[in-house]
Amino acid sequence: MLYTVIPAGGSGTRLWPLSRSQNPKFLLPLTGSEHSLLQATVNRLADLSDPDHQYVVTGTGHAAAVARQLPKLPEPNILVEPSPMDSAPAIALANAVIAERDPDAVVGAFAADHLIADRQVFTATVQRAMEAAADGLLMTIGITPTGPETGYGYLRRGRALPVGHLLAEFKEKPDHVAAVEYVSSGDYLWNAGMFVWRVDAFLAELARQRPAMHTAVRELAAHWDSPDREERLGRIWPTLERISIDYAVMEGAASAGKVGVVPGDFGWNDVGDFDTLGSVLPPSDDIGNVVIDTAGIEPAVVALDARRNVVVPASRRTVGVLGVDDLVVVDTPDALLVCPRDRAQDVKKLVDELKTSGRSDLT
């Protein structure tokens, strides 16, 4: 049985004004069904891990909502971080807590906000990674590229292993020319941030590369189920380095020949912006408009001579689109977004501008 860790943090600024710091994207029903992204992730992992083996790491402002959305998840398996510290401290803490409870655990870490089209292939791919992780490698799952995407990091495959390949190198997000070269070579996979390892192998590598973080999370985990948890969290957590798991552990481990990769081809999407949602969700009409229902009612959208628009009528008002193509229109009770779909990645800049101008009430 796999232990699964789901870091559930961040505010999804490219999905503003739908996603906010107090109601982030992983809590929203953006899957084409009534389930939130977090619920869809937990449901998908049920083929590999029962609720007793599932852990969610989230912030103090989201813990209650996570518990409401995941009633089968045991309360001790919701690990609340006092402040956001990026993925490395969150994943390290969860692994340290799991190691206290089961030192022989095999652990997988999966983001709370991804879409997966083929659940069965996803499960089989994770099982292959588990097989390779049994020998002590830190495994990552790379996505078979469907094109020269510049919005993702890449993984360069090295020599073949009995299962998958040794990971030769992590690559940062490339420009278009480099992305074309990567995909054409056949040696590169997209980095989806999915990991599988033996908990002892991960903690040993954490101790080698980030000894201060290792010492801190092991101390927190040793006292996690004790009355002095909060005191230790308040004292230790602010001292941790704010860093991603790739930079903290995985890149250094790959340089030391300790990381393997298995390819995945299961219809993966990182729900990063409204254009992506418009590409992966089914059209609502025969001219390519996508209407995203987040209010739990029949969406009220009227489209005339309008094509390939992404419309989110979250205010419950009727939204009309006339004579426009390839737009994003997101209507919420206190904010309205209109932008071209090819500028959807830049919505984050609007959020930054709102913060700079002191409108944190809208972010």
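The values are calculated or read from the model by the stated rules, or taken from the named source; none is laboratory data. All figures in this text were calculated on a predicted structure; none of them were measured in a lab. Please note: Cβ atoms are built from the backbone with ideal geometry, for glycine as well, and neighbour counts cover all protein chains shown. Areas reflect the complete protein model, heavy atoms only, side chains present, ligands, DNA and RNA absent. Shrake-Rupley method; radii C 1.70, N 1.55, O 1.52, S 1.80 Å.
Separation of the stretch 91-167 and the stretch 16-85, taken as the distance between their Cα centroids, equals 20 angstrom. From most to least packed by mean Cβ count within 10 Å, the peptides 218-231, 318-331 give 318-331, 218-231.
When the alpha carbon coordinates of the stretch 121-174 are projected onto the principal axes, the ranges are 33, 24, 15 Å, largest first. Show which lysines lie in cross-link reach of Lys171 when reach means a straight Cα distance below 28 angstrom and same-chain residues fewer than eight apart are skipped. Leaving aside lysines fewer than 8 places away in the same chain, those within reach of Lys171 are Lys25, Lys258, Lys348, Lys349. Peptides 310-317, 59-66 ranked from most to least packed give 310-317, 59-66, packing being the mean of other C-beta atoms within 10 angstrom over each peptide's residues. Over all Cα atoms in the stretch 8-57, the spread is summed up by Rg and Dmax: 12.0, 35 Å.
At a probe radius of 1.4 angstrom, the accessible area of the chain per residue rounds to 44 square angstrom.
For the chain, go through all pairs of different Cα atoms, get the mean of 1/r, take its inverse, and jot down that Kirkwood value in Å.
Details: mean 1/r = 0.0466 Å⁻¹.
Computed over the chain, the radius equals 21.5 Å.
The label point for Arg317 and the one for Asp352, both projected 7 Å from the Cα toward the Cβ, are 2.9 nm apart. Ranking Thr125, Ala109, Leu45 by Cα position along the charge dipole of the chain, where only Lys, Arg, Asp and Glu carry charges on their C-beta atoms, puts Ala109 farthest toward the positive end. In the stretch 225-363, Cα pairs under 8 Å separated by at least six residues give a relative contact order of 14 percent.
Across the chain, C-alpha contacts under 8 Å between residues 6 or more apart give a mean separation that, scaled by the residue count, equals a relative contact order of 20 percent. Volume of the convex hull of the stretch 275-327 (Cα atoms only), normalised per residue: 71 Å³. For the stretch 152-163, backbone phi angles converted through the Karplus equation (6.51, -1.76, 1.60; θ = phi - 60°) give residue-by-residue couplings of 10, x, 10, 10, 9, 6, x, 5, 5, 10, x, 10 Hz, Gly and Pro being listed as x.
With all pairs of separate Cα atoms included, the stretch 1-159 yields a Kirkwood hydrodynamic radius of 16.6 Å. Sorted on the mean count of surrounding Cβ atoms within 10 Å across their residues, most packed first, peptides 9-15, 278-284 read 9-15, 278-284. By the rule of a C-alpha distance below 19 Å, with chain neighbours fewer than 8 residues away ignored, the aspartates and glutamates paired with Lys72 are Glu34, Asp47, Asp50, Asp52.
If the viscosity is 0.692 mPa s and the temperature 37 °C, what Stokes-Einstein diffusion coefficient in µm²/s follows for the stretch 289-361 when Rh is the Kirkwood radius over Cα pairs?
On the way: Rh = 13.0 Å.
Rounded, D is 252 µm²/s.
Adding -39500 (n - 2.57) for every DSSP H run of four residues or longer, then dividing by how many residues the chain holds, sets the calculated 222 nm ellipticity at -9000 deg cm²/dmol.
Determine one quarter of the surface area of the Cα convex hull of the stretch 166-321, which equals its mean projected area, and express it in nm² to one decimal.
Values: hull surface 60.1 nm².
The directionally averaged projection comes out at 15.0 nm².
Evaluated on the stretch 35-114, the Kirkwood hydrodynamic radius is 13.0 Å, with distances taken between all distinct Cα atoms.
The alpha carbon centroids of the stretch 312-329 and the stretch 188-220 are separated by 44 Å.
Figure the gain on full extension for Asp47 and Thr239 (residue separation times 0.36 nm, minus the Cα-Cα span) and round it to one decimal in nm. Working shown, then result.
Working: separation 192, 0.36 × 192 = 69.12 nm, distance 3.69 nm.
Extending this stretch completely gives an extra 65.4 nm.
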